[in-house]
Amino acid sequence: MTDSGTCPRVLIVEDDADQRQLICEALRIYYHDHDGCNIQAVSCGEDCLRKDLSAYDVVLLDYDLADMTGIAVLKGIMARGGPAGGVRHRAQ
């Protein structure tokens, strides 16, 4: 995890463009990440699984993606060792 006061490296996986933009903007404002270097987003599970997940502290994952379920993406993430910050689950 990052040092206190710095922006965590976050990957947002959300297929709804409006929701994806809202989450990105809220996190960028909260963490003062105006250049967007630490907050990134993808629109599907396949794009998430193509990423080097060790480059992220947190993956925010939508449960109901268009291409696969969030559980399937989570299983893929876990099979690869997960993000740098570990894995925590929060039910809907």
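The values are calculated or read from the model by the stated rules, or taken from the named source; none is laboratory data. All of these numbers come straight from a predicted model, not from anything done at the bench. Note that we place each Cβ from the backbone using ideal geometry, even for glycine, and neighbour counts take in every protein chain shown.
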Residues of the range 17-47 classified as buried (at least 17 other Cβ atoms within 10 Å of the Cβ), in contact with a Cys (Cβ under 7 Å, 6 or more places away or on another chain) and of a type outside the set (A, V, I, L, M, F, W, C), total: 2
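Among the residues of the range 38-47, is any among the acidic types (Asp, Glu) and in a loop (DSSP other than H, G, I, E, B)?
Taking the range 38-47 as the starting set, the residues that turn out to be among the acidic types (Asp, Glu) are 46-47.
Then drop every residue that is not in a loop (DSSP other than H, G, I, E, B), which leaves none.
There is no residue in the range 38-47 that is among the acidic types (Asp, Glu) and in a loop (DSSP other than H, G, I, E, B).
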Residue count for the range 9-25, restricted to those that are out of contact with any Leu (no Cβ under 7 Å at 6 or more places or on another chain), in a loop (DSSP other than H, G, I, E, B) and among the acidic types (Asp, Glu): 2
Residue count, the range 48-70 (criterion: surrounded by 13 or more Cβ atoms within 10 Å (Cβ to Cβ) and either aliphatic (A, V, I, L, M) or outside any loop (DSSP other than H, G, I, E, B) (or both)): 11
Near pairs, Cβ below 7 angstrom, 6+ apart or cross-chain, from the range 21-50 (at negative phi and basic (Lys, Arg)) to any residue that is surrounded by 12 or more Cβ atoms within 10 Å (Cβ to Cβ) and at pLDDT below 90: 28/36
Near pairs, Cβ below 9 angstrom, 6+ apart or cross-chain, from the range 61-74 (over 18 Å from residue 40 (Cα atoms) and small (Gly, Ala, Ser)) to any residue that is at pLDDT below 90 and part of a strand (DSSP E or B): none
